[in-house]
Amino acid sequence: MRLIACSSLVLLPCMIWAQGTLADYQRGEGLRERSQDLVVNVPGAPNWIGETEHFWYTRTVKGGAEFEMVYAETGAKKLAFDHAKLAAAISSVTGRQYTALALPFAPPAGGRGGGGGRGAAGPAMTAPLTFTNGESAIEFGAGGSMYKCSLTDYTCTKGGAIPQPVGGRGARGGAPEWDRPPGLPLRSEDDDVTADESPEAPTEEGGDPVDGMEYQPPPPQDGAGPGGFGRGQTGCAPRAQAQAGQGRGGRGRGAAAAATAPGQTPAETQVCTSFDGKWEALIENFNVFLRPAGTTQAATPLSFDGSEGNRYTLRSVAWSPDSKKLVAYHTRPGFDHQVHYIESSPADQIQPKHSSILYRKPGDALDIAYPALFDIAAKKEIEIDNALFPNAYDLTTPVWWKDSRAFTFEYNQRGHQAYRVIEVDAQTAKARALIDEESKTFIYYNMLGPGLSAGRRYRHDLNDGKEIIWASERDGWEHLYLYDGVTGKVKNQITRGDWLVRNVDRVDDEKRQIWFEAGGLIPGQDPYFTQYCRINFDGTGLTKLTDADGTHTVTFSKNNKYYVDSWQRVDLPPVAQLRRTDDQKVLMDLDKGDDSALLAAGFKYPEVFVAKGRDGKTDIWGTITRPMNFDPGKSYPVIENIYAGPQGSFVRKTYSALDPDQAMAELGFIIVHIDGMGTSNRSKAFHDVAYKNLGDAGFPDRLLWHKAVAAKYPSYDVTRVGIFGTSAGGQNSLGGMLFHPEFYKVVVTNSGCHDNRMDKIWWNEQWMGWPLGPQYAESSNVDNAYRLQGKALIIVGEMDSNVDPASSMQVINALVKAHKHFDMLYIPGQNHGVGILGSEHYRDDYFVHNLLGVEPPDWNHLPPAAPPSTPTQGGQ
């Protein structure tokens, strides 16, 4: 520790103890290794085996992991196999050395990593462990090859190549989380998220990342799509939804677009065959034509108004199940906005390269799409009145009812304040709204589901649409409603109360029960914790399947007779129990993480802190991370790690043996995360603070939270507060400096979407509204750059395909014009998040220098790092 004297150049009072030494950096960087193996008995995800009542899971032990087998019906548990014998057998067949506690098994499907790895950029190199032959053998994939091992004589054989996942991007492990906070954008190796996980998403037609936020149809029931009739196999309408404005790529997809690889134009389907196999629909000269299946005779036109600028596409064609009607979207393309790039330092040549991507921005003209209905016998169009769906932002793929009486699609009006389920009668072409949602602010139209980016929309059709389960925030909380699909009237509200439905896991049509995840259900618990429940369609019989104080994950057996309940908190290692579904009785305590060695070694968990928000009533939740050598008698500067995107909530609720912020805290800081108003997963009113107001970013709540901490802990120095964030967090962090300069003194902003007019259309029009108005300028870091008073480091990747790099450059331009001094890092070749800086110290050094008043280590005079793994310029 060093005693720092007063200086007018740093934001320090006199006589403050500071850290920031090389030893502090090294100590922080060594925490990952120090914490290794100190938490044992942590249960992994359960994996039920086929139709049996058996499952396996992993548990951590010192040096690796063991595999446990559980027999739910008897309550027995044992090791799944002889680990040492299996390791020897696998080593022998693969030619690589494995140990009993380090076997080459990829995470199973549905577990961490999803079994498919990150993206589908290349061949699968691993495949998950599965038990076969009555659990007497296992199969797995490693090094690109499949292997099978007997668990009776412990011999292994090598098979063929690992089967490649179908559908490219669909093989991604879990839903991508785009425009999510990537944790620490300039992170050390001690952080949970590694540098190579910086956002570089696959794109739609070279454009917008596949966010995991786009609408997907409800899970098929018995092979059926949301309308009750299977799609994709026959009838041609793809499972992808028509997203007129969502995403940057191509035409904005006013008619349904099939998924394509980055930069590719979707291949047009040649013909679309009717369900009875008698007819083929095809596109000629941008119009819909019909001909007998299997022939080459001249096709008969069904439409006549198609043209290059007003065309039909087979990607949106949907045959009725009786093959008597056909519906297709007629689309007038909107404006193809392009973002241009100069790659200054390409790997394969010396000279720079130019490229561009299609990238729609707020206010851009979108595709104008509407459905056209054709009668096959009469070979003519039946005109549909489009009064119920004007000015569409998107229209989902048309889906027919099983009895062919009508088809439905979902309509999202531009501005996201009206959302309807539209039904079109097959005989009369009359359209009506089965469900009509309206909001004075926004309707969060993305699909309800787990994860940071879960939306607020859910639909489940029953009895061929005679009833519909629908999610809505109409009473101020996200709840489920039962609709009469014949009359379009609400039969009853299913869930209700000052809590919300976070996800619907399954619907039992026969028993008329819904299994779902709830947030804020149990008074006194963190409202962001998820608990699992069951309820009847009529709103009776609400049953809590879980109740322990933590955030839960539940995995059911195939017959739903049993389930494994796992829960955790930031300060509680995972706990897992086997329970019976009928009465929720605990049948077995499976495992409970043991952190005694970790705590004995001096590691500490973040403190969960709650303070009142701007209204004096609402609880604002956050976490506090302190240095391991924290001295309550000393004063520490504070750094806020911010991400305030309205698409989710972001303060961590899950366990990590090593807090991702700990390495940074070791330099002499207190690091905090806060979910202020305007973020999701609370009430509608809590969320609505973001409407036309992204510049708010919950700061009135955040400042009160900071001050409440300082009032309780004198060591918490609110005269020295820094802030950093990436993407939307980049906008938030710089916005904190501009709009609250009296509080925030230093910022590091990375890949920021600093002006919502410059960023992707779907995300920004969702929260900031349409048409564009003065609210965009009011929240803009560009228009408010003149307000800068503190120290700012602006980081931007040259090839950012998620947020237009010009957004950061326009901030820089405005700062220069306002005669403001700042620092910047413009990194060649880097995409969103600037992952190459993940193992560098730029962010931390900036705070050490400007908040601690200490010169960080002179890294240029330390031993050189390993050479870069990427090729040098020009292939040299």
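Indicate the gyration tensor shape class of the stretch 322-413 (rounded, prolate or oblate), computed on the Cα atoms with a ≥ b ≥ c the square roots of the eigenvalues: a/c under 1.5 is rounded; otherwise a/b larger than b/c is prolate and the rest oblate. Verdict is prolate for the stretch 322-413.
The separation of the stretch 550-621 from the stretch 818-850, counted between C-alpha centres, amounts to 37 Å.
In terms of packing, defined here as the mean over residues of other Cβ atoms within 10 angstrom, the peptides 825-831, 848-854, 459-465 line up highest first as 848-854, 459-465, 825-831.
Less than 5 angstrom separates the built amide H of residue 581 from those of 562, 563, all sequence-distant by 5 or more or on a different chain.
Measuring between alpha carbons in the structure, the pairs from 324/430; 325/489; 466/489 lying more than 19 angstrom apart are 325/489. In terms of its C-alpha gyration tensor, the stretch 559-686 comes out oblate, because a/c is 1.5 or above while a/b does not outweigh b/c.
Positive end of the dipole of the stretch 632-785, charges at C-beta (+1 Lys, Arg; -1 Asp, Glu), about the Cα centre: which of 677, 726, 748 has its Cα farthest in that direction? Farthest towards the positive end: 677.
With charges set only on the Cβ (+1 for Lys and Arg, -1 for Asp and Glu), what does the dipole of the stretch 563-705 come to about its Cα centre, in debye to the nearest 20? Present the calculation step by step, with values, prior to reporting the outcome.
Values: 17 positive and 20 negative charges, 81 e Å.
Using only the charged Cβ atoms, the result is roughly 380 debye.
Which percent of the accessible area of the stretch 307-442 is formed by carbon and sulfur heavy atoms (probe 1.4 angstrom)? Roughly 48 percent, rounded to a whole number. Only lysine pairs 8 or more places apart or on separate chains count here, and in the stretch 571-705 those with Cα atoms under 23 Å apart total 10. Between residue 648 and 680, the built amide H atoms are under 5 Å apart, and every one of these is 5 or more places off in sequence or on another chain. Charge dipole of the stretch 496-594 (Cα centre as origin; +1 on each Lys and Arg Cβ, -1 on each Asp and Glu Cβ, all else neutral): 300 debye, rounded to the nearest 20.
Rounded to the nearest 20, the Cβ-based charge dipole of the stretch 611-687 about its Cα centre (Lys and Arg +1, Asp and Glu -1) stands at 360 debye.
Ordering 326-332, 279-285 by mean Cβ neighbour count within 10 Å, with the highest value first, yields 326-332, 279-285. The peptide list 608-615, 468-475, put in order of mean Cβ contacts within 10 Å with the highest first, becomes 468-475, 608-615.
Here the Kirkwood formula puts the hydrodynamic radius of the stretch 409-454 at 12.0 Å, using every distinct Cα pair. Each of 788, 849, 838 was scored by the projection of its Cα onto the charge dipole of the stretch 772-849, and the greatest displacement toward the positive side belongs to 788; charges sit on the C-beta of Lys, Arg, Asp and Glu.
With just the Cα atoms defining each centre, how far is the stretch 727-802 from the stretch 467-483? Give it in Å. If we compute the Cα centre of each part, the gap is 34 Å. Ignoring aspartates and glutamates fewer than eight residues from residue 820 along the same chain, the ones with Cα atoms less than 14 angstrom from its Cα are 783.
Based on Cα contacts under 8 Å between residues 6+ apart, the stretch 704-805 shows a relative contact order of 28 percent.
The values are calculated or read from the model by the stated rules, or taken from the named source; none is laboratory data. These figures come from a predicted structure and were not determined experimentally. Cβ atoms come from the backbone with ideal geometry, glycine included; neighbour counts cover every protein chain shown. With ligands, DNA and RNA removed, areas are computed over all heavy atoms of the protein, side chains included. Shrake-Rupley method; radii C 1.70, N 1.55, O 1.52, S 1.80 Å.
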